[in-house]
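The values are calculated or read from the model by the stated rules, or taken from the named source; none is laboratory data. This structure is a prediction, so every number in the text was calculated from the model and none was measured. Cβ sites come from the backbone with ideal geometry, for glycine too, and all protein chains shown count toward neighbours. Protein only, heavy atoms only, side chains kept; ligands, DNA and RNA dropped before computing areas. Shrake-Rupley method; radii C 1.70, N 1.55, O 1.52, S 1.80 Å.
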Amino acid sequence: MVKVGIHFVKIEDEIEKPKIVAEVKTEFISLQKSLFATMFKQKLIKAFQAIIKNKYFKGIASLFILFVLLDLIFPFRINPNYSTLITDSEGKLLHAFLNKTDKWRMETELNEITPTLEKAIVFKEDRWFRWHFGVNPFAMMRAGVRNIFTGRRTSGASTITMQVVRLLNPQKRTYFNKFIEIFRAIQLELHYSKDEILQFYINLVPYGSNIEGLKSASILYFQKSPNVLSLAEVTALTIIPNRPSSLRLGVNNPYILQERNRWLQNFKEEKVFNAQDIEDAMHEPLNVVRHEAPHLAPHLSLRLKQENPTKSIIKTALVRHKQLTIENIVQNYVSRLYSMNIHNAAVMVINNKTHQVEAYIGSADFNNPIDGGQVDGIRAIRSPGSTLKPLLYATAFDKGIITPKTAINDVPTNFGGFEPENFDKLFHGKITIEYALANSLNIPAVKILKEISTPVLVDKLKKADFQTVKKNSSKLGLSLVLGGCGVTLEELTNLFSAFAQEGNFQKATYTLNTDTKSRIKNEIISKESSYLITQILAQITRPDLPNNYDYTYRMPKIAWKTGTSFGKKDAWSIGYNANYTIGVWVGNFSGEGVPELSGANIATPLLFDIFNTVDYNSSSKWFKAPENIAYRKVCAESGDVPNDFCTHQIVDYYIPSVSKMTKCQHAKYIYVSTDEKISYCSHCLPESGTVQKLYPNYAPELLSWFESKHILYEKVPPHNPKCERVFNTNAPQIVYPVDGSEYFLAKNEDQKLMLNCQVGNEVKTVYWYINDKLLQKASPNTEVFFRPEAGKIKISCSDDKGRNSDIYVEVKWE
Ligand SMILES: [Zn+2]
Ligand SMILES: [Zn+2]
């Protein structure tokens, strides 16, 4: 016994560890066994001596105490080591995994054990099963007598309970082991119900090869669950475990048929079942062969198995026909894209009513190793492109800073060194928020993000459980809204389902009966704001409708947003209506970009196809406007509350007491000479010869874009040259270089720094100064270049009205 300690010396050796632990365990068990044997023998002898001496009470009491003690010291631990089964929304098997020892040992649930099955087993194996306490003394005596007369050991005395003990822990047949078996059987009876013991039996009986348990046999041979087996099938399956190696289904079918009918005859004689049913069963043919275990919905099945290593049956919410149809659609669709060098796609379907995932397609083909078919595209971290813009605008609606018709300038803008471009490399001038979202323009989105600030959007994404955003939240900047962060299709699809649920984020579940408390639930945006976004995303006249898309067939109405990541590596299209939210990703797992890849042309046709499949001819109504959404007339030029000069008015949605009520400033009255050649301010206004005229009030950024594009616009006439007043407002804005930045210039390339500014349109000339020394006089729209000294420099720009701006930059020559 002392040897036990010696083994611990080697324990740091990782590879040897399991072996050593196992050895130590065995030694402990043998130690336990001998202790147990000695103690048990003494106690047992004492107890029986007491009974012999007519002290029945004392004897039985000490036997009882002995049993309870043993039960405490040697508790019955059952670890059946089942195969993992994945079922669909109706409980039908989708996918099965071998257990840890590479066996098929599928767990039959209690509700799968039909009265027929139970009757057949109990009649055949242990007729008094429901009545005994694990051991049948009469059967044991009978077997004992038979053993004496025949000289053979038969197992006839074994109850179902004892067979379960033996199946769980097979041991050599010795009298000592038989004794332990009896003890264990009684223990089992005390700790489990009869139904549960029968269930263990059904789950453990052998069927030859690596098939164990009646359900495994039922699935692999008959391709059905035990609860739908016929009487003939049940009978065949109940006789095999007695001789699993000679009664092999698919190998010895005629012999099994013969044995089956012999037992059916027994059933008939003993009137176990209805005579006619037995007669029918006897005529049932037996032509089974062994089938492969089902391997449907492979990505979700693998994922849930990894996430629930101890569960034997994982009941998913996947709807079989939807899962299989969409798998097919995705596979066919991607095979059509193959010539473009596009190899993969992933799709996730959420039922908005149940918050459950009904289809989960991780790749175009799980069994295609060349294109990484086993990669789960639903969980892959990718760049979201423009798909976060709806959340951004929704947040801004809730902040009250914009409404759908608010005007915003889509012109080149420098955000502290970050100069975003649009997907089409074009700028669209003054447009509405609605247009900016529907056309997925980048500059308006970055402007709005700058206004609400990045942390506000990051916070929303955290509430919607975006994992990579959570991890990197401190590093995220304005590029976040253009795809500068990592997301998964799962996160995006869940986010969009919140728009379909009045802005309430509720993470969809994969399994049925998920604990509702553990689910993440957050209101991320208001229902008013969700409604406004939905209305914009449901518009059909937009550029991200696929080219040449045949819109004639009956497609359910949906709201959707596309996205294409930088480098054309990811195409996204995520859509929803009241019934479903569907997320589609198309691209290559290798990360290879493809020029043709775009959310509109590549991902959206697949999204539409899937919507047509899962929600075809849907009768559900479109979202209703929430009560706190109202209409108002706004100026078409600005989207603001009309001023007295705003003649062109349109209707817009707004959220009363949230949306801002700013009066329109799209134009301004200016005093000009009667010939409209000179403008005046109140300071220099002559007493006569002037008229008041309305001029457009464009922002400087828009004016400089008009100038650069040579777009004609109505200009305010030059200001009265005799005016003495120095304007303090509207000083030139230095656009480039960026204040406070560092510039690295290459010595050998003789690089220069460019100077650029924006001024009001009354300005004709600007003056550039470097460290307060005049560098150059220039017209406002000319770019000026110069070669700076290394170090910190001051750059100033003054206009012909004497207004001035200064900035500071650091220059380094390398
Ligand atoms: Zn206006
Ligand atoms: Zn003036």
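Looking at Leu480, Ser598, Pro206, which one has the Cα that reaches farthest to the positive end of the dipole of the chain (charges on Cβ: Lys, Arg +1; Asp, Glu -1)? Comparing the listed Cα positions along the dipole, Pro206 ranks first.
Plainly put, the range 357-423 has a radius of gyration that is 1.18 times its Kirkwood radius, both from alpha-carbon atoms, as the Rg/Rh ratio.
So if I place +1 on the C-beta of Lys and Arg and -1 on the C-beta of Asp and Glu, and nothing else carries charge, what would the dipole magnitude of the range 179-282 be about its Cα centre? I want it in debye, nearest 20.
Working: 10 positive and 12 negative charges, 54 e Å.
In total the dipole reaches around 260 debye.
Largest first, the residues Thr493, Thr354 sort by 1.4 Å accessible area into Thr354, Thr493.
For the range 661-793, with the dipole built from +1 on Lys and Arg beta-carbon atoms and -1 on Asp and Glu ones, taken about the Cα centre, which of Val766, Ser704, Gln692 lies farthest toward the positive end? Farthest towards the positive end: Gln692. Over the chain, what is the relative contact order in percent, taking alpha-carbon pairs closer than 8 angstrom and at least six residues apart? RCO, the chain: 8 percent.
So, R0 is 45 Å and r is the distance between the beta-carbons of Ile65 and Lys92; what FRET efficiency does that work out to, to 0.05? Numbers along the way, then the final one.
Working: r = 50 Å, r/R0 = 1.11.
The value I calculate is 0.35.
Beyond 20 Å, what share of the Cα-Cα pairs of the range 397-482 is found? Please give it as a whole percent. Of the Cα pairs, 38 percent sit more than 20 Å apart. Principal axis extents of the C-alpha atoms in the range 316-379 (largest first, rounded to whole Å): 39, 19, 16. Please grab the % of Cα pairs in the range 173-287 that end up more than 21 Å from each other. Tail of the P(r) past 21 Å holds 47 percent of the pairs. For the range 687-731, the spread of Cα coordinates along the three principal axes comes to 38, 24, 15 Å, biggest extent given first.
Start at zero, step by 5 Å, and the Cα-Cα distances of the range 610-705 spread as 2, 10, 13, 11, 12, 11, 9, 8, 6, 5, 3, 2, 3, 2, 1, 0 percent across the bins.
If you take all C-alpha pairs in the range 232-305, what percent of them are over 20 Å apart? Kindly include the intermediate steps, with their values, before the conclusion.
Numbers: 1169 of 2701 pairs.
The share of Cα pairs beyond 20 Å in the range 232-305 comes to 43 percent.
Sum up the charges of everything whose Cβ sits under 12 Å from the Cβ of His355, counting Lys and Arg as +1 and Asp and Glu as -1, but leave His355 out. Numbers along the way, then the final one.
Numbers: positive: Lys353, Lys507, Arg519, Lys521; negative: Glu358.
Residues close to His355 contribute a combined charge of +3.
Computed with every protein chain present, the accessible area of Glu269 is close to 120 Å² [probe 1.4 Å].
For Phe74 and His295, a Förster radius of 35 Å and the Cβ-Cβ distance give a FRET efficiency of 0.30, rounded to the nearest 0.05.
Express in nm, to one decimal, how much length is gained between Gln306 and Glu789 on full extension, taking 0.36 nm for each residue of separation and deducting their alpha carbon distance.
Difference between extended and current length: 167.7 nm.
Dipole orientation for the range 354-443: of the candidates Phe423, Leu392, Gln356, Leu392 has the Cα lying most toward the positive pole (charges on Cβ; Lys, Arg +1; Asp, Glu -1).
Expressed in nm to one decimal, what extension gain is obtained for the pair Asn242 and Glu687 from 0.36 nm per residue of sequence separation less their Cα-Cα distance?
On the way: separation 445, 0.36 × 445 = 160.20 nm, distance 11.91 nm.
Full-extension gain reported as 148.3 nm.
Solvent-accessible surface of protein heavy atoms, probed at 1.4 angstrom with all chains present, puts Trp705, Trp768, Trp131 in the order Trp131, Trp705, Trp768, largest first.
Label separation (Asn368 vs Leu774): 7.0 nm, computed from points 7 Å beyond Cα along the C-beta direction.
For Met141, the accessible surface of its heavy atoms amounts to roughly 120 Å² (probe 1.4 Å, protein chains only, rounded to the nearest 10). With R₀ fixed at 35 Å, the C-beta to C-beta distance from Ile711 to Lys471 puts the FRET efficiency at about 0.20. Model label points for Asn328 and Asp459, set 7 angstrom from Cα along the Cα-to-Cβ axis, are 4.9 nm apart. About its Cα centre, the range 387-454 has a charge dipole of approximately 120 debye under the convention of +1 per Lys or Arg Cβ and -1 per Asp or Glu Cβ, with nothing else charged.
Between amide H atoms placed 1.01 Å from N, distances below 5 Å from Lys430 occur with Asp410, all of them 5 or more places distant or on a separate chain. With 10 Å bins beginning at zero, the pair-distance distribution over Cα atoms of the range 98-152 amounts to 18, 28, 29, 22, 3 %.
Dipole magnitude for the chain: about 4100 debye, using +1 per Lys or Arg Cβ and -1 per Asp or Glu Cβ, origin at the Cα centre. Geometric descriptor of the range 576-661, per residue, is 196 Å³ (volume of the convex hull of the Cα atoms).
Which value, in Å³ per residue, describes the convex hull spanned by the Cα atoms of the chain? Kindly include the intermediate steps, with their values, before the conclusion.
On the way: hull volume 222.3 nm³, N = 814.
So the per-residue hull volume is 273 Å³.
In this simple spin-label approximation, Lys633 and Lys521 carry label points 7 Å from Cα along the Cα→Cβ vector, and these lie 4.4 nm apart.
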